[in-house]
Every structure is written in structure tokens, then in C-alpha cells.
Amino acid sequence: MVTLGCSKNIFDSEVLMGQLKANSFEVEHESTKGDAAIVIINTCGFIDNAKEESVNTILQFADAKERGLVEKVYVTGCLSERYKTDLEKEIPEVDAWFGTRDLPRILKTLKADYKHELVGERILTTPQHFAYLKISEGCDRPCSFCAIPLMRGKHVSTPIEQLVQQSKNLAKNGTKELILIAQDSTYYGLDLYGKRNLAELMEKLSEVDGIDWIRLHYAFPSGFPMDALDVMRINPKICNYLDMPLQHITDNMLKSMKRGTTKQKTIDLVNEIRDKVPGITLRTTLIAGYPGETEKDHEEMLRWVEDTRFDRLGIFTYSHEENTGAYSLNDDVPQEVKQARAEAVMEVQQGISFEINQQKVGNTYKVLFDRKEGEHFIGRTEADSPEVDNEVLVSASESYVRIGDFAEVTIERAEDFDLYGKVKA
Ligand code: SF4
């Protein structure tokens, strides 16, 4: 099984692997052994770079098949969902193409049965101590730059009972941290319960024995369920952490992007979130070079990033995606200007991150250790999500920690993005 793209794809691959294992397939994730008879590639179709990576990976395994190194190559996921008709013609070596909601059909093609009793059981590709929990699929939002609804369909929430059962299964196998993911996690429950129900979901998940940290990703700014913040503030198991992609800040860009919010509402929301959950870690994602973005828009974004001082920030350059609302606009910002603007924002953010990190020197934090690398044990505080945020490095010659365990670490030195410390005796 090969997985490209986002944590939602990782989740889907893990579910498929669980089903295949239950059907007596020997399953591996991104094995380097090169001895697999069957390869399934779970692709990403989000933006140019991701699509290119997916196509190259397919071609790599198509070539391996031609050379008799693998028997079957199957492709699933967003790129396949979006471009199946063209890809079938262009890469005939692939045995079958599947969409993003095709699990039963994949299993049927592999002469495997869909094991209903396994709902929620999966083979983790992450270290056992943390796991992504996909709380819903699809998205009902009209963001003009985004192709995800084309590939993932309408928003469908997973019932709370199923998510609690999944979490119990995970905790039973040693998972301590749940990372809640969706296309839009703040929409949770509207389709199923007729109301935004994220607060209740987080409460219920926090009652699962063995789960210590619950982390919220992919929140959407407009219609934000403020009661979720009360749960976050009060419940020690819910990390004071929020990932909320905001994409841009100027009114004309937000309007053209169909984000359903304004500059002032965004600023007010960020202030309200920080008031409601003091010390919360805020992560956001932005887009540079959206059609019509002027130098003035860019300057305004830079000023806002300087003023807001997000704890964590990532930025993409705009990708002109067919069949999205923005595709009818003129992609008028040259690629090098998009790139330069993204780099300028990250430069500002690097400075902010360095300053914020300096304030952590001397403090002691609860750290969950993910791996050992070279001379260091590497972990994360409550303020850091795996793969995307900062890390805490502890010298292995000074301290010993078990991977997957928590330990109290006193920070001795801080860099732009990483912290160095010692395990408290
Ligand atoms: S909320 Fe907007 S950006 Fe996010 S997946 Fe939905 S349409 Fe795309």
C-alpha cells in the first residue's frame, strides 16, 4: 500500500489495509523490500505538485509491472477519482482505477470480502501511540480555489458511537493521542444531528480510557462552534491546540475565494478564540498568489501575519484547478511572484516562531516521544501536531525515554522551530 497526500488518505489506506489483512492478505505500507505481488497506490489530486507526485508514483509502479517485478497495480484516491477517464487511456498498465469511496469495489476486485465487523479497525501506519481519526468525509463549502469537494463529495459525518468505538479499539492497542481530521471538522454533526456537534464528540472521545490527548485539525472560520472551545478550555484531554486554515485576510480576496467571512470577522474570531482558551496554540494555512491578488493584498497579509503572531503557519502557492470556481478567473500572478510572496510570509513567520520559542526556555512541558533519531529522542508538546509542527529534542546520552511514552521535559534552548531540553529527573 502506498499513500500520497493528506492524513485523510492515510486514514483511508489504514482502513483498506485492515480489511485486506482480515482477508488473509499479507499487507505492508510503503515497503522497501520490493517483493509485493500487488501494489495499491492511494493518490492525491489536490494541487499541481501533489498531482505530479501521484502520476510519477503510478508510472514508477507501472514500469515495475512492465519489468515483471509486480503482478498487479491498482490506483485509488483523489487523483483517480478526478481524472480516471484520462488516466485509464494514458497509463493502460494499471489494472484498475478506483474512486475515493470505492472500498467495497476494491475488495471485490481483490476477491476479498468486506468485513462489516471490522468497522473502524485498521492497520496504523503512524507509530501506535498516535492516530488520525477521520470524523467526516467530504465538504459542502464553496471555496473557489478548492477541488476537494469534486473528489470527496458532500459532507458526511461519522456517527459518534462509531468514532468512540474506533477510539476504544485504538486505545486498547496503545494509542494515546487522537488527531481529529476532516475536510471541515467544525461542520461535524450538521448533517447527522442537525447541529454542530463537535463539542459533544470531543467530550465523548475524552471519556475513552487510555486516550490522553485529543487534537483538533481543519476547523473552518465561519459558523465556528464556540462551545467546542469551552470543552477545550475545561477538559484536560483536549489539547489547547487549533488548526484553522484561513487562506487569506483581505476582504476582496476572501470574497473572491467564497470563504463566507471578512477581515474583521476573522480578526474578531482569532481574538475570541484566544480569550476563550488562554494560551491556545493556533495553526493556520494561507494561499499566496490567488487570482487578482495585488501587491497591496500581499502587504496587508504580511502586516496581519506580523500582528496576529500565529504559533504555527504554512502557506501554499495558488494552483489553478480546473472545474473549481476560481478556474474561470485569470491566473494572473506569475509563479515566481507567488513563490516570492509565500517565502516572504514564511520569513516573517520564522521570526515569530523563534521569538515565541525563546519564551519557552526554562519551562517544563509534557512531551510525547515519537522516535529516536541519531543522538536524540524526538517528541512533541501539546502545542505540536505530528509531521507539521515543532519538535522537542532530548539528548540520548543525557536521558532515556521509551518511544510512545510521555515525559516532563525542561527546555534549555530554542531555535526557529525546534526546542532542546532535558527530561526532568
Ligand atoms: S472547507 Fe473549503 S478549502 Fe476546505 S475542503 Fe472544503 S471547500 Fe476545500
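The values are calculated or read from the model by the stated rules, or taken from the named source; none is laboratory data. This is a predicted model, so every value here is computed, not measured. Note: ideal-geometry Cβ built from the backbone for every residue, glycine included; neighbour counts use all protein chains shown. Each accessible area value is taken on the protein alone, full model and side chains, heavy atoms only, with ligands, DNA and RNA left out. Shrake-Rupley method; radii C 1.70, N 1.55, O 1.52, S 1.80 Å.
Looking at the chain as a GNM with Cα springs under 10 Å, which of Ser397, Ser206, Ser256 has the largest mean-square fluctuation? Result: Ser397 has the largest fluctuation of those listed. Each 20 Å bin from zero up to the one holding the largest Cα-Cα distance in the chain carries the following percent of pairs: 24, 58, 18, 0.
Working note: Cα gyration tensor of the stretch 131-214, eigenvalues times five, square-rooted, sorted largest first, giving semi-axes of 25, 14, 10 Å.
Only protein heavy atoms count here; under a 1.4 Å probe, Phe61 has an accessible surface of about 40 Å².
Going down the table (Lys111/Lys154; Lys134/Lys168; Lys33/Lys72; Lys172/Lys422; Lys21/Lys108), which pairs top 20 Å between alpha carbons? Don't jump to the answer; show the numbers that get you there.
Numbers: Lys111/Lys154 29 Å; Lys134/Lys168 15 Å; Lys33/Lys72 16 Å; Lys172/Lys422 30 Å; Lys21/Lys108 14 Å.
Result: Lys111/Lys154; Lys172/Lys422 exceed 20 Å.
For the stretch 274-392, what value does the Rg/Rh ratio take when both radii are computed over Cα atoms and Rh is the Kirkwood radius, given to two decimals? With Rh from the inverse mean 1/r over Cα pairs, Rg/Rh is 1.06.
The charge dipole of the stretch 16-157, taken about its Cα centre with unit charges on the Cβ of Lys, Arg, Asp and Glu (plus for the first two, minus for the last two), comes to roughly 480 debye. Each Lys or Arg adds one and each Asp or Glu takes one away; over the other residues whose Cβ falls under 10 Å from the Cβ of Asn357, this sums to -3.
Here the translational diffusion coefficient of the stretch 59-125 follows from Stokes-Einstein with Rh set to the Kirkwood radius across Cα pairs; for 10 °C and 1.306 mPa s it amounts to 119 µm²/s. Charge tally around Lys65: other residues with Cβ under 12 Å, Lys/Arg +1 each, Asp/Glu -1 each, net -3. When cysteine pairs in the chain are screened for C-beta atoms closer than 4.7 angstrom, the residues that find no partner are Cys6, Cys44, Cys78, Cys139, Cys239.
Residue by residue, the stretch 39-55 carries 3J(HN,Hα) couplings of 10, 10, 10, 9, 9, 10, x, 6, 9, 2, 4, 5, 5, 4, 4, 5, 4 Hz when phi is fed to the Karplus relation 6.51 cos²θ - 1.76 cosθ + 1.60 (θ = phi - 60°); x denotes Gly or Pro. The phi torsions of the stretch 323-338, fed into the Karplus equation with coefficients 6.51, -1.76 and 1.60 and a -60° offset, translate into couplings of 6, 9, x, 7, 5, 7, 8, 7, 6, 8, 8, x, 3, 5, 6, 4 Hz, rounded to whole numbers, with Gly and Pro shown as x. For the residues Glu391, Glu117, Glu412, Glu382, a 1.4 Å probe over the protein chains yields an accessible-area ranking, largest first, of Glu117, Glu412, Glu382, Glu391.
Neighbours of Thr43 by Cβ distance under 10 Å: Lys/Arg scored +1, Asp/Glu scored -1, total 0.
For the stretch 229-240, 3J(HN,Hα) computed residue by residue from phi via the Karplus equation (6.51, -1.76, 1.60; θ = phi - 60°) reads 6, 5, 4, 4, 5, 7, 8, x, 7, 8, 4, 6 Hz, glycine and proline entered as x. The figure for His29 is an accessible area of roughly 50 square angstrom, using a 1.4 Å probe on the protein chains alone.
Which order do Arg380, Arg274 take by accessible area at a 1.4 Å probe, largest first?
Numbers: Arg380 0, Arg274 70 Å².
Most to least solvent-accessible, the answer reads Arg274, Arg380.
At a 1.4 Å probe, what is the % contribution of carbon and sulfur to the accessible area of the chain?
Values: 9210 of 18520 Å².
Ligands and nucleic acids excluded, carbon and sulfur reach 50 percent.
Using the heavy atoms of the protein chains alone and a 1.4 angstrom probe, what is the accessible area of the chain per residue in square angstrom?
On the way: 18520 Å² over 425 residues.
Counting only protein heavy atoms, the per-residue value for the chain is 44 Å².
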